[in-house]
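The values are calculated or read from the model by the stated rules, or taken from the named source; none is laboratory data. Just so it is clear, the structure is predicted and the values come from calculations on it, not from any experiment. A quick note on method: Cβ atoms are made from the backbone with ideal geometry, for glycine too, and the neighbour counts reach across all protein chains shown.
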Amino acid sequence: MRCGIFFSLGCSLVSLVAPVVAQAGLPSCAATCFQNALMAQEKCTPTDIPCICGDATLNANIQGCVLNTCTVREGLVTVNATSAMCGIPIRDRSHVLLISAIVSLIAAWIATTMRLTVGIVRESFGIDDVFALAACCAATPLSGLQFVTPALGFGRDTWGCTPTEISTVLKYVWGSQISYFPTSGFTKLCFLFFFLRIFPSQSTHRTIYVFIVITVLYTLGFTITVIFAAKPISTYWTSWDGEHPSIYSINQNVFYLTAAGVNIAIDFAIVIIPIPQLLKLKLTGRKRVFLMSIFSVGGVTIVVSLVRLSALATYGTTSNPMYDNMMSGVYSVIEGNVGVVCVCMPSFRRFLALFIPNCFDSEENSKYTPYDDDTPNKLSSSKPSRKKKSTLQGSLFQTTIMKTVDTRVETERHDSDDEVRLVDLQRNGRPAEGDHTGSLERHEPYKSPYTQHYPGN
């Protein structure tokens, strides 16, 4: 952060007060400014603290003097001393950041554990699950570093912090931002590889591959940029006092606003990708809405990103960075962890089905007598049965027909409404000629003259 920010910070609050010239604890430059300003007016006496604190003209004169004669560190000391004299309390909302980081990170790990459990138990673990785990791992330092910064003054008025605390907070903020971009990128890649696995359309695949490349470039580009935001790198957190100049440094305000804009644009595009495919499915209105809601959870991160964008508007320009910039830290942590939760949401129902099958599992028997063995051929009754089995292979939106020589039709469904598959079998269990396997958007179900219609089909 530029030294001018802190200089402006110090002077803006100093301008509210003008303690007596001999006030203990004031830097000599500030004492001189107060003395000269008091001598140039007749309204307030040197001992009339309420008058000095409330005189706008007097404080404006002091502000200009301190800007020209005091260092940033001296300005912060002056602001802190005069705040105490005028009874202005030091504001502190650092607990907001601490609570947000702890709660959201715990939620992210719980959601990730649920997703991984489903993938392992159901033997459906894929590359999208790998990216979900990677996103949660990247979110851990993003949040973990913010466990420490509140105790160092992040969220407190800047003039209430020591120079060492300010430098340390800036270093941790830099570290958390290095973790932010991988977290954001991995959540996007998780969604994209999930779509790649479930949508069979080649045109959709091409679109997904394009956004995979864009996401990788976004992640690498902004991560590398924030790492080398200044030269030497250490000046990212030491140049604020004007005593440790950098050879070069990026415009942080422009950088973070640009990164946020690109992030939101990619998220918006990813949310749109599955919508055309979902609209083509021949589903009931309720199921269509259910699936649309599942695939639109990424929109939640867009909302958080937009809120974060408003907080970033003042980043690098505020006169009270330790207090004002804390909210951008809060939204960064929440955005990263909420993104992890969102990519894991489609697995929640199946996870609950592992422990509460009566409420969430889709395996249920009809009122008809079941077959007395595990093959589709041997009958214990002349009436067919309907059985839903668990399978996680193939496209989420594929259907399968199972038929035997007695023309009985058995429908197999996955353990969640978003996974359905059709398989055409002979009596001996091998695929018949002209296998009718395909997505619901391409194939009509097999019509048997003896097909039994069940409630809900």
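For this structure, a couple of remarks:
- Residue within segment 115-138 that is more than 30 Å from Gly75 (Cα to Cα), part of a helix (DSSP H, G or I), under 17 Å from the mean Cα position of the chain (by Cα) and of a type in the set (S, T, N, Q) present: no
- Criterion violated by Ile102 - all others in (1) modelled with pLDDT of 95 or more; (2) touching a Leu at 6+ places or on another chain (Cβ under 7 Å) satisfied: (2)
- Residue in segment 39-47 that is among the basic types (Lys, Arg), out of contact with any strand residue (DSSP E or B) (no Cβ under 7 Å at 6 or more places or on another chain) and either touching a residue at least 24 places away in the same chain (Cβ under 8 Å) or under 28 Å from Arg156 (Cβ atoms) (or both) present: no
- Residues of segment 215-239 that turn out to be crowded, with 17+ Cβ neighbours inside 10 Å, β-branched (Val, Ile, Thr) and in contact (Cβ under 8 Å) with a residue 24 or more places away in the chain, as a count: 5
- Pro19 being in a loop (DSSP other than H, G, I, E, B) and modelled with pLDDT of 50 or more: no
- Taking segment 237-317 as the region of interest, the helices (runs of 4 or more DSSP H) fully inside it that hold 1 or more residues being farther than 25 Å from Val210 by Cβ and modelled with pLDDT of 80 or more are 252-272, 298-312.
- Single condition Thr158 does not satisfy, out of (1) of a type in the set (Ser, Thr, Tyr); (2) under 30 Å from Leu196 (Cβ atoms); (3) in contact (Cβ under 8 Å) with a residue 12 or more places away in the chain: (2)
- Of all residues in segment 337-358, those that are assigned to a helix (DSSP H, G or I) have Cβ atoms under 6 Å from Cβ atoms of residues that are of a type in the set (D, E, K, R), 6 or more apart or on another chain, in Cys344/Arg115; Ser347/Arg115; Arg350/Asp415; Ala353/Asp361; Ala353/Asp415.
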